[in-house]
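Heads up, the thing below is written out as structure tokens.
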Amino acid sequence: MKYDVAIIGGGIGGLMAAYKIKENAPEKNIIILERGFRQEKRHCPASKNKKCVHCKVCSISGGYAGAGAFSDGKFNIGTAYGGFLGTELGEDKAMEYINMVDKVLESFSDDYPQMYYSNEELKLKCLQNNLRLLDMNVRHLGTDKNYKTMLRLIEHLDKAGVVMKDKTECTDIDKTDQGYKVKFEKNGEAKEVEAEKIVIATGRSGASFVKNICEKYGVKINANSVDIGVRVEMKDVIWREFSSKIYEPKILYRTKTFEDRTRMFCFNQGGLVSAENNHGIITANGHSYAEKEKKTDNCNFAILSSIHFEGDFDKPTEYAENIARNMNFAGEGNIIVQRFGDLKRGRRTNAHRLGANSVIPTLSAFPGDLSIVLPYRALTNIIETIYALDKVAPGCANDDTLLYGCENKYYSIRPVHDGNFSIIDGIYMIGDGSGITRGLSQSGAMGLFVGDAITK
């Protein structure tokens, strides 16, 4: 069977694209090809034993509902953070589609959460300490509510006739006389499907696939930066002044040592540190639940140092992946965890000091030394940022604060498009894999926009 639209990737971008196409044109035949599992089959063994067991396909980072299914479920209602959609579409149009995502999610939720608004008092406090607290309204679903909401959306698409395949690893896209042929592997068997139009919504984990397609069809790629960093874990009470008022502090800092930009993001109140497996590379992440009984005594967030490459170097993703791979090597196949006090003193964390730590780790990681792998510049930026954050949230720089390494974000793939996110005639690219978005709301907004572009 030939389809009108084939969507590669079942994250929020791909799902929203399918939703909008069906809303506008119910007769359209749509197939979604997803590398991971159906949402109800996504289970992470680390949720029980706190340790990554290196699943072939990571249920944290992949599967239907995407990486967002097991994220903290934070939807940022704005364009100041989470990507460049405001630049690409214009602020008004971007906000129109971001608000549309909010309304769609609300329609599939039976307990839609409150909105957290920006706070002038906290903004001033940050500015007085050379920190910039980003303005952003946040709706926090939590991992549990987000899971249920996305499941209802998927069930809606099922009923609407959208064909959804899981465990399909897309390998190539060939041009045909009537459209395109998507090649994929399922259970080790090579297969293909034809479609008039293609929507690539692979997320950040599909960066290599995106790059290969762009090279094949001669699509120009603008190199983005990469972010190198760590997941930080400490007692939840340290950030309660912020989390109780705005839920998620997103803070930028310009370091004095190198004048580099760092950012604190993906804050999880009462949360858990998690591991994700991207093609065999284990990196840190975090999430939290909305239900009080699932909360921990800790909070966690990422501190990332942005690295911009000049000249002809066009492999920033590969650079960051090699750092993460070496971190796994030094951690004997696992993420490394280090006490901030040990890092300051130039010594590795051992099992004894970790066991006596007042902050109990929520992820089983390898006690070690981050400094043997993280680049000097990035590590210096991270340490300086922690001290800067300590001025607005005293206790941040405590010896018992835990750092998990590494947490990297890849944004190197950013193909040139026609204004409707079409990279060539009939192939659209959306979401984090496009290099344009960096979060759930803008990714979903891109999906809705492209759904309109295809059907109107």
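The values are calculated or read from the model by the stated rules, or taken from the named source; none is laboratory data. Only a predicted model underlies this, so the values are computations on that prediction, with no experimental measurement involved. Here the Cβ is made from the backbone with ideal geometry for all residues, glycine too, and neighbour counts use every protein chain on show.
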Residue pairs meeting the criteria (Cβ under 8 Å; at least 6 apart or on separate chains; first modelled with pLDDT of 95 or more, in the range 104-130; second among the acidic types (Asp, Glu)): Leu122/Glu241; Lys123/Asp135
Please determine, by comparing only the residues of the range 46-99 that are of a type in the set (A, V, I, L, M) and surrounded by fewer than 19 Cβ atoms within 10 Å (Cβ to Cβ), which one is modelled with the highest pLDDT. Met95
If the Cβ limit is 6 Å and pairs must be 6+ apart or interchain, which residue in the range 351-362 that is farther than 11 Å from Val337 by Cβ and among the basic types (Lys, Arg) pairs with which residue that is crowded, with 17+ Cβ neighbours inside 10 Å and modelled with pLDDT of 95 or more? none
Of the residues that make up the range 304-324, is at least one modelled with pLDDT of 90 or more, farther than 28 Å from Leu131 by Cα and assigned to a loop (DSSP other than H, G, I, E, B)? no
Out of everything in the range 113-123 that is of a type outside the set (D, E, K, R) and crowded, with 16+ Cβ neighbours inside 10 Å, what residue ends up being farthest from Pro249 (Cα to Cα)? Pro113
Yes/no for Thr171 being of a type in the set (Ser, Thr, Tyr) and under 13 Å from Ala290 (Cα atoms): no
Given the range 142-224, what strands (runs of 3 or more DSSP E) lie entirely inside it while holding 2 or more residues that are under 29 Å from Glu407 (Cα atoms) and out of contact with any Ser or Thr (no Cβ under 9 Å at 6 or more places or on another chain)? 168-175
Within the range 18-31, can one find any residue that is in contact with a Phe, Trp or Tyr (Cβ under 6 Å, 6 or more places away or on another chain), assigned by TED's automatic domain parsing to the domain that holds Val163 and not in a loop (DSSP other than H, G, I, E, B)? yes
Note down all Cβ pairs under 8 Å where the first residue falls in the range 14-41 and is among the acidic types (Asp, Glu), the second is in a helix (DSSP H, G or I), and they're at least six residues apart or on different chains. Glu23/Gly451; Glu34/Gly14; Glu40/Leu151
Odd one out for Val210, checked against (1) surrounded by 22 or more Cβ atoms within 10 Å (Cβ to Cβ); (2) β-branched (Val, Ile, Thr); (3) assigned by TED's automatic domain parsing to the domain that holds Asn334: (3)
Return the pairs, sorted by first residue and then second, in which the second residue is among the polar types (S, T, N, Q) and outside any strand (DSSP E or B), the first residue lies in the range 395-407 and is closer than 21 Å to Ala330 by Cα, the beta carbons are less than 8 Å apart, and the residues are 6+ apart or on different chains. Leu402/Asn357
Which is within 24 Å of Gly435 (Cβ to Cβ) and either buried (at least 23 other Cβ atoms within 10 Å of the Cβ) or of a type outside the set (Gly, Ala, Ser) (or both), of Asp236, Asp260, Asp297? Asp260
Within the range 242-261, tally of residues that are touching a strand residue (DSSP E or B) at 6+ places or on another chain (Cβ under 7 Å) and of a type in the set (Asp, Glu): 2
Out of all the residues in the range 388-406, is one or more β-branched (Val, Ile, Thr), in a strand (DSSP E or B) and surrounded by 21 or more Cβ atoms within 10 Å (Cβ to Cβ)? no
